[in-house]
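Presented below is the structure to which this report refers.
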Amino acid sequence: MTIGLATSEDADLIHAGLLTIARHLGSEGKVTSTPQDIRRHGFGTQPAFSVLIARIGGDFAGMCLFFPSFSTWRGQKGAYIQDIAVEERFRGTGVGVALLRHTAAHVRMGGGTYLRLSVDAKNVSAQQFYTRMGLEWSEDERIHAAYGDAFEALAGLHESGV
């Protein structure tokens, strides 16, 4: 297995990895991003995220998509893992473990001291995996989000006409 940073040429593979997660959760219809979105926002002068890709025998085996984070309470840099995907035929072969460890090492090399992530409530197998890997579930936090119209209203775009 090899693991390395993705390039813009990997956008289709990254997007396919996202669809793998969505299929696993029965939520493929919720994915509205495109490979072009991945290419546009993940690469260039100000990438919004980084991706490590695992390959076995040259074939895409999995990926971990993450971006910088900062803990104001700890006063330390870290990373938020948005997505980890392992191709079905490579599950149980250590790809997920290797991706998580490589991501932690990559973040540490950049001065980071922690990883954070959230897990879909239905994805019990992922929750168990993260617990086995030493990531603790926080009973003290809940994720809140604003998307679409809710985000636009919060940003004040409806009132200002911007």
* To do: Restrict the search to segment 68-162; then list the GluC sites (Glu not before Pro) that DSSP places in a loop and that have at most 14 other Cβ atoms within 10 Å of their Cβ.
  => Glu136, Glu139, Glu141
* To do: Keeping every protein chain in place, order Arg23, Arg101, Arg39 by accessible area at 1.4 Å, biggest value first, i.e. largest first.
  => Arg101, Arg23, Arg39
* Calculated from backbone phi, Karplus (6.51, -1.76, 1.60) coupling profile of segment 146-151 in Hz, x at Gly/Pro -> 10, 10, x, 4, 5, 5
* Compute the signed sum of charges (Lys and Arg +1, Asp and Glu -1) over the other residues within less than 14 Å, Cβ to Cβ, of Gly111. => +3
* **the chain: antiparallel DSSP beta bridges as a percent of all, rounded to 5** => 90 percent
* Set the Förster radius R0 to 22 Å, insert the Cβ-Cβ distance between Lys122 and Ala150 as r into 1/(1 + (r/R0)^6), and round the FRET efficiency to 0.05. => 0.45
* Ranked packing of 144-151, 66-73, 90-97, most packed first, by mean Cβ within 10 Å -> 90-97, 66-73, 144-151
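The values are calculated or read from the model by the stated rules, or taken from the named source; none is laboratory data. Values in this document were obtained by computation on a predicted structure and should not be read as measured data. Glycine gets a Cβ as well: all are built from the backbone with ideal geometry, and neighbour counts include every protein chain shown. The area values use the complete protein model at the heavy-atom level, side chains included, leaving out ligands, DNA and RNA. Shrake-Rupley method; radii C 1.70, N 1.55, O 1.52, S 1.80 Å.
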